[in-house]
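Undergrad: Okay, here's the structure, questions in a sec.
Every number here is computed from the coordinates shown, using simple stated rules; none is lab data. These numbers come from a predicted model, not from an experiment. Glycine also receives a Cβ, built like all others from the backbone with ideal geometry; neighbour counts cover every protein chain displayed.
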Number of protein chains: 2
Amino acid sequence: MANIRMVGFDADDTLWRSQDYFDAAQRDFEAIIAPFLDGGDARTAERLYAVEKANLAVFGYGVKGMALSMIEAAIAITGGRIGADAVHRIVGLAKDLLRHPVELLPGVREAVAEVAASVPVVMITKGDLFHQEAKVRDSGMSDLFRRIEIVSEKDVPTYRRLLEEFAIAPDEFVMVGNSLRSDIAPVLELGGWGVHLPYHLTWVHERDADLAAGGRGRLRSVASAAELPAVLRSIMAA
Amino acid sequence: MANIRMVGFDADDTLWRSQDYFDAAQRDFEAIIAPFLDGGDARTAERLYAVEKANLAVFGYGVKGMALSMIEAAIAITGGRIGADAVHRIVGLAKDLLRHPVELLPGVREAVAEVAASVPVVMITKGDLFHQEAKVRDSGMSDLFRRIEIVSEKDVPTYRRLLEEFAIAPDEFVMVGNSLRSDIAPVLELGGWGVHLPYHLTWVHERDADLAAGGRGRLRSVASAAELPAVLRSIMAA
């Protein structure tokens with residue numbers, strides 16, 4: 001029997017909607033710069049992602065870095081023809097993204113509450129500290145979580161440090177999330193359990209994941225949050 | 001005798017230089033937009049600070065929010081006349097700020113090491129998670145600290161939560177920092193001790209502080225990091 005002593009939940013696109021807003025912001029970005037293009041295929045999305053990816057090492061994840069990358073990409077893609085008003089609208093996209101209300105995904109509150117009634121749950125989320133804290137407050141779910149950890153990267157060293165702080169062994173830990181790359185692969189690699197709860201949208205950056213063959217026996221997949229309590233019980237009975 | 005069981009250190013402008021870089025970026029900003037002004041007094045610094053302050057509630061602290069505020073302020077101050085190249089240079093200011101090497105202040109490493117030899121030390125710093133983590137890594141000092149806490153605001157609720165997590169009573173805790181507002185006032189209010197280590201530059205936002213009259217007996221002030229170990233010994237003997 002697996003002795004599960006803690007369950008971690010990702011937040012963006014696991015507890016609440018996130019990628020929808022980023023995708024909408026990207027469509028708005030394309031509309032903002034379109035008037036400054038000569039027509040034809042400017043490969044806008046592709047060029048924006050190239051700038052974002054190149055800037056990840058200096059900006060990290062989050063809306064503000066995205067907006068600065070959008071401004072940089074807009075200048076490059078339009079050959080410097082973008083006007084001040086359009087730049088201002090890109091800053092406005094960032095403010096809108098940072099202020100949108102949190103929209104919980106269906107069944108999430110009930111599922112987390114049910115899990116939390118039998119085993120301590122923690123939230124482990126990546127991104128901008130200020131924005132993530134605002135979303136946690138707005139979600140009304142913070143009381144359910146024993147700890148809320150906002151980290152800059154979700155990789156093996158980060159999960160190892162957190163589990164040490166929690167005094168939990170990897171095989172006593174289950175991580176639930178939508179990203180194979182950030183939520184599942186590093187936890188399986190450490191010897192922990194993963195429950196994949198896919199979201200209908202995934203940022204291209206989060207799509208690649210190497211799942212170590214040895215860890216696949218500790219991976220489960222569910223189609224909705226409502227299935228989580230039963231899957232966790234099945235892991236505990238494994 | 002005060003039973004001091006933990007000493008907290010602020011980071012920016014306490015352990016390493018920070019405000020110098022922000023001030024330099026602000027001068028660069030003024031130079032970048034100057035060509036788009038009609039001459040005369042555009043009150044650039046004042047108007048930039050007004051935009052930054054208005055945006056704090058949505059952007060939080062840190063370089064990326066500052067850069068977005070600079071871009072917004074530049075568009076307003078120049079009446080939309082700023083060019084794409086100048087906007088691009090403002091994005092470049094942010095990248096430079098995020099990448100500058102960490103420059104420890106004189107005597108800091110020795111003072112923290114001496115304190116850490118007798119009582120656990122933690123770092124409590126405010127701002128952008130990604131940038132602060134990069135500075136901690138670059139400082140080479142992370143091994144001295146039992147915990148490194150990057151928070152979005154340094155107020156009474158934040159210090160209360162951290163002290164609860166550390167299982168330390170307020171009167172067992174000393175906070176060392178350059179900001180009366182962020183490092184000293186909230187800790188004194190909780191009943192803890194403060195050691196003010198002033199820096200020659202202070203962001204206008206950090207200058208105001210209400211020090212509760214009752215807490216002043218638990219406030220010390222030093223002129224340099226080298227004095228810290230002796231002042232902490234004097235608190236422990238108080």
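Undergrad: Of the residues in region A:119-164, how many are within 12 Å of the chain's Cα centre (by Cα) and either part of a helix (DSSP H, G or I) or not β-branched (Val, Ile, Thr) (or both)?
TA: Residues flagged as within 12 Å of the chain's Cα centre (by Cα) and either part of a helix (DSSP H, G or I) or not β-branched (Val, Ile, Thr) (or both) within region A:119-164 amount to 8.
Undergrad: Taking region B:95-117, which residues are free of Cβ contacts under 8 Å to residues at least 60 places away in the same chain and facing chain A (nearest Cβ under 10 Å)?
TA: B:Lys95, B:Leu98, B:Arg99
Undergrad: Being closer than 20 Å to A:His200 by Cβ, in a helix (DSSP H, G or I) and either among the basic types (Lys, Arg) or in contact (Cβ under 8 Å) with a residue 40 or more places away in the chain (or both) is the requirement here; does A:Phe22 meet it?
TA: yes
Undergrad: Here is a further query. Taking region B:34-68 as the region of interest, how many residues are of a type in the set (A, V, I, L, M) and more than 13 Å from chain A (Cβ to nearest Cβ)?
TA: 6
Undergrad: Then there's this: So which of B:Ile90, B:Ile71 ends up being at the interface with another protein chain (Cβ under 10 Å from one of its Cβ atoms), closer than 20 Å to A:Thr78 by Cβ, touching a residue at least 60 places away in the same chain (Cβ under 8 Å) and assigned to a helix (DSSP H, G or I)?
TA: None of the other options fit; the residue is B:Ile90.
Undergrad: For region B:140-163, check the following and say yes or no: at least one residue is in contact with an Asp or Glu (Cβ under 6 Å, 6 or more places away or on another chain) and among the polar types (S, T, N, Q).
TA: Looking through region B:140-163, at least one residue is in contact with an Asp or Glu (Cβ under 6 Å, 6 or more places away or on another chain) and among the polar types (S, T, N, Q).
Undergrad: Would you point out the residue of region A:74-87, among those that are free of Cβ contacts under 8 Å to residues at least 40 places away in the same chain and in a helix (DSSP H, G or I), that is farthest from the other protein chains (Cβ to nearest Cβ)?
TA: A:Ala76
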